[in-house]
Structure formats: structure tokens, C-alpha cells
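> I'd like to ask some things about the structure below.
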Amino acid sequence: MSYPVNAAAPAPELSDKSKVTAGLLQIFLGGFGVGRFYTGHIGMGIAQLVTCGGMGFWALIDGILFLTSDTRTDAQGRKLRG
């Protein structure tokens, strides 16, 4: 039995959630923590709900980061789809 010499590491599993959807939900409904609830981060969603998304600033910045960052993950640690 032979094994390939230069076998690439398996690609990390992608989430079934979209970073574009999460970002837009966070920008438009972030005062209710909807973007965070969508990605499964319930604790952060509740914190944003209680603080009205940090009076809008936290929600807006979080939404922009969802849209521009390639390192955002869902609650299971899987990278969000593009």
C-alpha cells in the first residue's frame, strides 16, 4: 500500500451559515443580536439584545467585521461561508 508523499491537509470544514447573511443581519437587526443568534453565539446575542447592540455601535462594527473578515466562525468553530 502506498501513500501520496505530498498529501495536502484536509480543508477545514465550512459552516452552513453565510458570512454575508450574518453581516447583513447584524447591520440591520444587530440591536436585537440577530446576527449572533444566526451564527449560534447565543450568549453574545443576548448581550447585544440587552445593550441594544451597544447602542448600535457594537452591532455596526460587528456586522462590518462579519462582511470583511475571513476568520469568523459559527458556534461550532467552523468557518463561515463566503
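Values in this text are rule-based calculations from the coordinates and carry no lab data. Keep in mind that what you see is a predicted model, and the values were worked out from it rather than measured. Positions of Cβ are backbone-derived with ideal geometry, glycine not excepted, and every protein chain shown enters the neighbour counts.
> Net charge around Leu14, counting only other residues with Cβ within less than 15 Å of its Cβ (Lys, Arg = +1; Asp, Glu = -1)?
Residues near Leu14 contribute +2 overall.
> About its Cα centre, how strong a charge dipole does the chain have in debye, to the nearest 20, once Lys and Arg get +1 and Asp and Glu get -1 at the Cβ?
40 debye
> Run the numbers on the chain and let me know its relative contact order in percent, using alpha-carbon pairs under 8 Å that are six or more apart.
RCO, the chain: 37 percent.
> Along the charge dipole of the stretch 25-81, Cβ charges K/R +1 and D/E -1, which of Ile42, Gln76, Ile64 sits furthest on the positive end?
Of the listed residues, the answer is Gln76.
> So what's the net charge close to Ala75: Lys and Arg +1, Asp and Glu -1, counting the other residues with Cβ under 13 Å from its Cβ?
Residues close to Ala75 contribute a combined charge of +3.
> Let me ask you something else. For Rg and Dmax of the Cα atoms in Å, one of (1) 16.1, 62; (2) 18.3, 69; (3) 14.7, 51 was computed from the structure I shared and the rest are decoys. Which label?
Label of the calculated value: (1).
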